[in-house]
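To keep things clear, I will list the structure first and then write my remarks on it.
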Amino acid sequence: MKEFLYKTYKFSNSWTGTIVIVLFVIFFIAQAFRIPSGSMKDSLLIGDHLFAKKFAYGISMPHIPFLEMSIMPWSDRLRLVDGDKPERGDIVIFRPPHNPKQHYVKRCVALPGDELFVSDKNLYVHHSEGDEWIKENFKDYEIIIYADKLWVKNPYMKEHPGIHHDEKIQNNGRYHMELFEFAPIRIDKDHYFMMGDNRDHSNDSRFWGAVPYENIEGSPWFIYFSVGENWEIRWDRIGKTPTDIEQKSHLDLAISERLREDKDDHGIY
């Protein structure tokens, strides 16, 4: 046993051993990504550097970093082993179906069997569990009746305060119609509908369709570095998970609401 441990130690200290260990970690445990766009603002910001949890939804097909070359180039498979499936509201890292050499990060808003449409920017979802389940689980949300079904208006916004719209984006013919109106669809088996939290500035499933399960790579783990537009380091984000950031946003909103109520009570405007 001691001899085996010694040989393992020696191997890990060699160049070959180091490369093998690093590739193993990148392929199966964690991979570093940088957020290049504002599509997930305010949940994830441009300049956030984060580790992705590669095993969150099974094991995807390993690709050589930077080259984006599969370790099995003779196969077009994107998944080795199935695992957990994304849930509604999860932030997911995936390869978009129209460009599988890139990685996108968005929020899952609909599962297989769910139905959804967009009207006047608002997202409406009819969850596959049915009307009674919707009434029981979305008591704090506005629910409408359309085509003899119940639809939840803008689900997830209360739980995830980073989801928002840009009031400056108006339906005046200058922007893609999918931002404002999207016809009702049912999500296919093993597919997931993804949308950015910065709803009016996101290239997502509204434009290129739902994401197959095999394209899903993982989920954000934690931010290991964050730098702003002027190269200032955002120390308050380092080491935080998306859940940590959302909890802080909930707290900030609660404090702002309380201060506003206090001002109203004292006649300050």
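Here are the numbers for this structure:
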{"item": "Options G162, G89, G83: the member that is crowded, with 19+ Cβ neighbours inside 10 Å, of a type in the set (G, A, S) and within 20 Å of the chain's Cα centre (by Cα)", "result": "G162"}
{"item": "Condition met for L116 (aliphatic (A, V, I, L, M) and under 30 Å from S226 (Cβ atoms))", "result": "no"}
{"item": "Test for W151: is it at pLDDT 95 or above, more than 16 Å from D90 (Cβ to Cβ), touching a Pro at 6+ places or on another chain (Cβ under 8 Å) and among the aromatic types (F, W, Y)", "result": "no"}
{"item": "Scope region 39-59; condition crowded, with 19+ Cβ neighbours inside 10 Å, touching a helix residue (DSSP H, G or I) at 6+ places or on another chain (Cβ under 8 Å) and assigned to a strand (DSSP E or B); matching residues", "result": "D48"}
{"item": "Qualifying residue in region 61-83 (condition: under 30 Å from K153 (Cα atoms) and either touching a residue at least 12 places away in the same chain (Cβ under 8 Å) or among the small types (G, A, S) (or both))", "result": "no"}
{"item": "For P112: the one exception among (1) more than 26 Å from I134 (Cα to Cα); (2) assigned to a loop (DSSP other than H, G, I, E, B)", "result": "(1)"}
{"item": "Residue selected from region 72-94 under the condition in a loop (DSSP other than H, G, I, E, B), of a type outside the set (D, E) and at pLDDT below 95, by the criterion nearest to S219 (Cα to Cα)", "result": "G83"}
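The values are calculated or read from the model by the stated rules, or taken from the named source; none is laboratory data. Fair warning: this is a prediction, and the values are worked out from it, not measured in the lab. So basically every Cβ, Gly included, is an ideal-geometry build from the backbone, and we count neighbours across all protein chains shown.
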